[in-house]
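Bear in mind these aren't lab numbers, they're just calculated from the coordinates by the rules spelled out. Only a predicted model underlies this, so the values are computations on that prediction, with no experimental measurement involved. Quick reminder, even Gly has a Cβ in these numbers, built from the backbone with ideal geometry, and neighbours come from all protein chains shown.
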Amino acid sequence: INYCQQITKQLLELAQKFARKSRRPSTQLTCTDLINAFEFKRLDTG
């Protein structure tokens, strides 16, 4: 598994967490969930 796939997987997992926080099933991801995950990841890695 390459670096890009690893990041994508992590972003999806984060997005699913954000979806659950919004009381939605993790299968119903919105663009907002993905953006939140991306921002979170970006800030997290500095």
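A search for C-beta distances below 7 Å between a residue of the stretch 2-22 that is surrounded by 12 or more Cβ atoms within 10 Å (Cβ to Cβ) and any residue that is of a type in the set (D, E, K, R), counting only pairs 6+ apart in sequence or on different chains, returns 10/41; 11/41; 14/41; 15/33; 18/33; 19/33. The test for being assigned to a loop (DSSP other than H, G, I, E, B), without any contact (Cβ under 8 Å) to a residue 24 or more places away in the chain and loosely packed, with under 11 Cβ neighbours inside 10 Å does not hold for residue 42. Of all residues in the stretch 25-46, exactly one satisfies the criterion of being in contact with a helix residue (DSSP H, G or I) (Cβ under 8 Å, 6 or more places away or on another chain) and basic (Lys, Arg), namely 41.
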